[in-house]
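As structure tokens, the structure follows; a few thoughts come after it.
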Amino acid sequence: MAKTGTTTQGLRAAIERSGYYPALVAEAVEAAVGGEAIGSYLVHQETTFDANEVRRHVTVLVLTGTRFIVSHTDEQAADNTSPTPYATTSTESVKLGRISSVVLSRVVANPEKYVPGTLPREVVLTIGWGAVSRIDLEPAACGDPNCEADHGYTGSSTADDLSLRVSEAGDGPDAVRQTLAFAQALSEATAATAR
């Protein structure tokens, strides 16, 4: 479930409503935010299936006047490094001027009947700031089907630091709305720092 808003108390309440290790998540996020005012936030809990395990994780995105903060917390089952289950939480603070892309992909049903303002059934928010890049390579070829020469490789590099998928079916319509609102706030903030 995604929650968005603009106050420290609202952020803490959204983290608590997620029910996912709220004391741990809130402490990590609040330490990263420090004394800055919150412009917008998004709390998104997701459950995934990994082999025979059900795993949960939560991502908290916070926008301040100068930074974009990402917090991610995962739970882990007991393993050979720990006899008890444990959670790992991390935060990253990115200056708004470093954000190179904010991509919002919308999936709509029956696009020929689309009415402006209709809620997409799914959105994917992808944010890039240069910390992680993906390189996709494939053998290069020429137009001659009989050519056996080595033409090297061709490919593309894509910034892919964070990707968050929210769907109406899985997360509810409010979560989709909140993701759209956060994406807009982040886009506006990065545009303002580019001036």
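The values are calculated or read from the model by the stated rules, or taken from the named source; none is laboratory data. Owing to the predicted nature of the structure, the values given are computational and were not obtained by experimental measurement. Here the Cβ positions follow ideal geometry from the backbone for every residue, glycine too, while neighbour counts run over all protein chains shown. Heavy atoms of the whole protein, side chains included, go into the accessibility calculation; ligands, DNA and RNA do not. Shrake-Rupley method; radii C 1.70, N 1.55, O 1.52, S 1.80 Å.
Descriptive notes on the structure:
- The distance separating the Cα centre of the stretch 36-78 from that of the stretch 141-195 comes to 19 Å.
- Compared with the dominant Cα axis of the chain, that is its longest principal axis, helix 173-194 is turned about 70°.
- Charge dipole (debye, nearest 20) of the stretch 1-96; +1 at Cβ of Lys and Arg, -1 at Cβ of Asp and Glu: 360
- Probe 1.4 Å, accessible area per residue of the stretch 21-169, Å²: 59
- Cα pair count fraction exceeding 21 Å, expressed as % - the stretch 1-157: 62
- Note that the stretch 87-94 has calculated 3J(HN,Hα) couplings of 10, 10, 10, 9, 10, 10, 10, 10 Hz, one per residue in order, obtained from phi through the Karplus relation 6.51 cos²θ - 1.76 cosθ + 1.60 (θ = phi - 60°); glycine and proline are x.
- Heavy atoms of Asp144 accessible to a 1.4 Å probe, total area in Å² rounded to 10: 80
- Charge dipole of the stretch 45-85 about the Cα centre (unit charges at C-beta), most positive-ward option of Ala78, Thr59, Thr48: Thr59
- Within the shell defined by Cβ-Cβ distances under 12 Å, the residues around Thr47 carry a net charge of -4, with Lys and Arg each +1 and Asp and Glu each -1.
- Whole-Hz couplings from phi, Karplus 6.51/-1.76/1.60, listed for the stretch 55-60; x for Gly and Pro: 10, 10, 8, 10, 10, 10
- Cα-centred dipole magnitude for the chain, charges only on beta-carbon of K, R (+1) and D, E (-1), debye, nearest 20: 940
- Protein accessible area in the chain, 1.4 Å probe - carbon and sulfur %: 51
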